[in-house]
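Read through the structure below, which is laid out as structure tokens, and then see the notes.
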2 protein chains.
Amino acid sequence: MTFTGMLASAWVKNHSLLCVGLDPDPARFPAHLQGDIFRFCAEIVDATADFACAFKPQIAYFAAHRAEDQLEALIAHIHAKHPGVPVILDAKRGDIGSTAEQYAIEAFERYRADAVTVNPYMGRDSVEPWLAYQDKGVILLCRTSNPGGSDLQFQKIGAGGTALYELVAEKIAREWNTTGQCALVVGATFPGEIARVRQIVGDLPLLVPGIGAQGGDIEATVKAGKTAAGTGLMINSSRAILYAGKGEDYASAARRVAQDTRDAINRWR
Amino acid sequence: MTFTGMLASAWVKNHSLLCVGLDPDPARFPAHLQGDIFRFCAEIVDATADFACAFKPQIAYFAAHRAEDQLEALIAHIHAKHPGVPVILDAKRGDIGSTAEQYAIEAFERYRADAVTVNPYMGRDSVEPWLAYQDKGVILLCRTSNPGGSDLQFQKIGAGGTALYELVAEKIAREWNTTGQCALVVGATFPGEIARVRQIVGDLPLLVPGIGAQGGDIEATVKAGKTAAGTGLMINSSRAILYAGKGEDYASAARRVAQDTRDAINRWR
């Protein structure tokens, strides 16, 4: 099944726009896990899968700990136990030609991710090797949630008032997304810009990082980003879920926060 | 020693502006190596080290083959056998906050690279976690050598005629390079744009991919990019060196091409 098909099914089946981010930091694990990255993540996954529309492991947290094998095992675990929930490998890769092909082998053949995050700075031909995997999703950075995101993304292009992130959204929607595999990353810290991207890209899915369990921006994010069908979003929460509990009951604490976050999102759909 | 110090010493000691790119593709190895990535790369390194100002392993080629351990061993080998030649990990990472910190641990603590390539799209705060390693180099994408590089990098900013890649060069030179650790990637396919970047960034080092053993663009690249001192460049060649020979003598074939390329570069300094 394609990534977009899996995602659309998960939106309905789990009545959820919540993406659970897997950023495992062993220093924050409950003591009884003794730093076991696979076990920590797998227990979080099993506790939250029925409230999630996607899981998003961040590869840097595995690579920093020489834990590539645990990332492989984790994604295999998600596919085996929760086959309806797609896996987004958050890697923000960006390169060209044969190098991009190697990165695509890494993400899609080695790790068997359903989608990957990609940086658009090198342009269309840096995206094509990913699109060659026709059932996979390619989620391009558009407007990122960090303060420095404005340094380039908010620059105005030409004499008109178009910002770079708007141009990126236009290029993706009109030129790069020829196969229906593309989605975009738009940070939750800028609801007005989520609305602008939604206006440009029609119903393409948006991955929205930058939201916590508190729900401060949830209303604005959902209102700005939802499609007419009340879907179109993968609203990511990582640390607020992963580290909701510090003890042996961390997975059930994570489950409660995931459910609360899903429900807080659904209130505004 | 700092990356910039090592690089400056290697320019002089090896009388070389040549960076040897390590993009190992086992399908192209001589048969007797039986796909041994470490051995292939280590023999190339040993055969070319005295003609190189830097080595640049491309991490995608290792990750696609589950060969992270061989990349670790390769960089350790370069440090042990050729301590005067810095190692650039070509990873084109780009992320923020704690994730960028994990990527920096991967590149600088796990792999012990002397410098890393980084994508600027997410802005200044995505660069800062790398700069926290004060002896390391941070080489930012500016103008890439692929056709799609123009999609974003050649967009004109505001009503004036400044292209995005020029703005990136200005930001790096004037705002981001507070610690003297930054360098820039500028493709060899655009000598006029190498000259423009050199004009903007003063003596900052430029990593220039896109050149082969044939030397078609070497004259234009060196003339456009050299500093007043006749240095300032890391001109990368990968496949033309790695695959110069197909048989058991591949390392000596690589040595000849590396020497020829170094000398062709030096003709125009």
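For region A:14-40, the set of residues classified as under 23 Å from A:GLU72 (Cβ atoms), in contact with a helix residue (DSSP H, G or I) (Cβ under 7 Å, 6 or more places away or on another chain) and not in a loop (DSSP other than H, G, I, E, B) consists of A:VAL20, A:LEU22, A:PRO26, A:LEU33, A:ILE37, A:PHE38, A:ARG39, A:PHE40, listed by residue number.
Within 20 Å of A:GLY97 (Cβ to Cβ), touching a Cys at 6+ places or on another chain (Cβ under 8 Å) and of a type in the set (A, V, I, L, M), is that true of B:ILE235?
Working: within 20 Å of A:GLY97 (Cβ to Cβ): yes; touching a Cys at 6+ places or on another chain (Cβ under 8 Å): yes; of a type in the set (A, V, I, L, M): yes.
So B:ILE235 fits the description; yes.
Residues in region A:92-143 that are facing another protein chain (nearest Cβ under 10 Å), within 30 Å of A:PHE51 (Cβ to Cβ) and in contact with a Ser or Thr (Cβ under 6 Å, 6 or more places away or on another chain): A:LYS92 alone. Scan region A:71-88 for residues that are among the β-branched types (Val, Ile, Thr), free of Cβ contacts under 8 Å to residues at least 40 places away in the same chain and under 10 Å from A:ALA49 (Cα atoms) and report the count. Going through region A:71-88 one residue at a time, the tally reaches 1. Here B:GLU101, B:GLU109 are screened, and the one residue that is of a type in the set (D, E, K, R), surrounded by fewer than 24 Cβ atoms within 10 Å (Cβ to Cβ) and under 20 Å from A:THR117 (Cβ atoms) is B:GLU101. How about region A:144-175: which of its residues are facing chain B (nearest Cβ under 10 Å) and under 20 Å from A:TYR103 (Cβ atoms)? The answer is A:THR144, A:VAL168. Against the definition (on the phi < 0 side of the Ramachandran plot, touching a strand residue (DSSP E or B) at 6+ places or on another chain (Cβ under 8 Å) and modelled with pLDDT of 95 or more), how does B:ILE211 come out, yes or no? No, not satisfied. Take the residues of region A:78-91 that are more than 16 Å from A:VAL138 (Cα to Cα) and under 18 Å from the mean Cα position of the chain (by Cα): which is farthest from the other protein chains (Cβ to nearest Cβ)? Ranking the candidates gives A:GLY84 first. Return a yes/no flag: does region A:56-77 have any residue that is within 8 Å of chain B (Cβ to nearest Cβ), within 28 Å of B:VAL185 (Cα to Cα), in a helix (DSSP H, G or I) and at pLDDT below 95. No, region A:56-77 contains no residue that is within 8 Å of chain B (Cβ to nearest Cβ), within 28 Å of B:VAL185 (Cα to Cα), in a helix (DSSP H, G or I) and at pLDDT below 95. Per the listing B:ILE235, B:ILE241, B:ILE218, B:ILE200, the residue uniquely in contact (Cβ under 8 Å) with a residue 12 or more places away in the chain and within 14 Å of B:TYR165 (Cβ to Cβ) is B:ILE200.
The values are calculated or read from the model by the stated rules, or taken from the named source; none is laboratory data. On a predicted model such as this, the values are computed, not experimentally measured, just so you know. As a convention, Cβ positions derive from the backbone with ideal geometry for all residues, glycine included, and neighbour counts pool all protein chains shown.
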